[in-house]
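A short reminder: the numbers here are calculations on the coordinates, not readings from a lab. This one's a predicted model, so the numbers in the text were calculated from it and none came from an experiment. Cβ sites come from the backbone with ideal geometry, for glycine too, and all protein chains shown count toward neighbours.
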């Protein structure tokens, strides 16, 4: 299974561009196609070995660290799986890719601790290899919590997950599990036993669901109980899946992978829903959803907060002159510069529509916000965007409003928008806030 749901080749290549794959395969045609696909689709560096001798040289002679190995068991000079042993002894995660498979071979492969095995006699075999490599490499960024009061059972699960390259945490009680979740916000899945001393897995699942829904955290129940209704109880409590012991390792592995992939897809869908397609910044929807939360946090802590509206000067004229393609280039350039100037999650930055951008600055009053926005304005005035063989200069106007009390989010934005209007009315390419009005001469503030 793959984490590649709606992810471009470019994004995936960036994710795995530092990864080294060891491909042990004596078929020239298969090796050629796999090497090409792993390099192009995932961006990995592939080292191909067609014999035991070549493998020994690759491991010992080149001094390269390999992130994963794809191993064909049926090499002419490796009749008993010597190449698999060599890869495993080096501590390299292994995906076995074999034409010959039976139950005896399955036992041998599983005993040697491989991450996955794929049989060549399948129309989608090469697709499955690429997907498996991607999945195992992706698992390194996924954290799973195993909850079981029996040390041997917990250790067995940890070993299985470690072979899949997951980052694993352990807890022996439900209370410890809840503490772990509070300490580690990046846990993606909880694998919990039913029988535990302080609370059973059913109750733990219920408590988890009070704080995390299934789009944030997946839960899989596991038990050796003979009660066939236990699975239904777990699922009704909020678990995403359930497995009875004794389990087949491959089945549990597939269920875990399915849940992690589902979570990944949900997160990618949320990202697509909340990101502006052109600039990659947060969109208006996300800005209006998260803005009130950040402001409420600041008001609760009695810390200042400011809202700013930024508008590209004469953008309509730019669009009329260079077309929408030229306008899009300018929008992308402004967004890229803003992202480089503003750190997240300290501030919230989004494209609100057209040439208008919103900034929310927690912990910053209007005076400090003015200094920040002046730096932004100055930095944007120095960039040039290549459009139709011309370097187009950019200026922006910015309006700032400090949050003074509990009001609707629209009111804060409207206040910043009024200051933006003044910045544009009095010449553009400047920053306006309540501090600006106080500092302005009476004659200019009155428009004379």
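Odds and ends about this structure:
- In the range 141-273, the alpha-carbon atoms span a convex hull of 102 Å³ per residue.
- The chain - percent relative contact order, Cα under 8 Å, separation 6 or more: 9 percent
- Cα long-axis angle, helix 284-301 against the chain (0 to 90 degrees, to the nearest 10): 80 degrees
- The mean sequence separation of alpha-carbon pairs under 8 Å and at least six residues apart, normalised by the residue count of the range 284-445, gives a relative contact order of 29 percent.
- The mean sequence separation of alpha-carbon pairs under 8 Å and at least six residues apart, normalised by the residue count of the range 9-137, gives a relative contact order of 22 percent.
- Nearest-ten-degree value, helix 366-381 long axis tilted from longest Cα axis of the chain: 80 degrees
- Here the simple spin-label model places points 7 Å from the Cα toward Cβ, and for residue 108 and residue 346 these points are separated by 5.9 nm.
- Both the radius of gyration and Dmax for the range 228-291 are 18.0, 52 Å, in that order, over alpha-carbon atoms.
- Net lengthening on full extension, residue 209/residue 277 (0.36 nm per residue, minus Cα-Cα): 21.2 nm
- DSSP-defined antiparallel bridges as percent of all bridges, the chain, nearest 5: 40 percent
- Expressed as a fraction of 2.2 N^0.38 Å, the value expected for a compact globular protein of N residues, the C-alpha radius of gyration of the range 284-445 is 1.04.
- At full extension, residue 64 and residue 40 could sit 6.6 nm farther apart than now, given 0.36 nm per residue minus the alpha carbon distance.
- Derived value for the range 372-419: Kirkwood hydrodynamic radius 12.9 Å. Basis is the mean of 1/r over every pair of different alpha-carbon atoms.
- Debye-sum result for the chain in log10 I(q)/I(0), which assumes one identical scatterer on each alpha carbon, at q = 0.06, 0.10, 0.11, 0.13 Å⁻¹: -0.40, -0.89, -0.98, -1.11
- Helix 174-183 and the longest principal axis of the Cα set of the chain meet at an angle near 40°.
- Taking 19 Å as the cut-off, the amide N atoms of the range 120-136 that come nearer than this to a point 7 Å along the Cα-to-beta-carbon line of residue 100 belong to 120-122.
- Across all C-alpha atoms in the range 110-206, the radius of gyration and Dmax reach 16.0, 50 Å.
- Virtual spin-label span in nm between residue 183 and residue 414, 7 Å along Cα→Cβ: 4.9 nm
- Longest to shortest principal axis, alpha-carbon extents of the range 9-137, angstrom: 41, 36, 26
- Volume of the convex hull of the range 278-320 (Cα atoms only), normalised per residue: 87 Å³.
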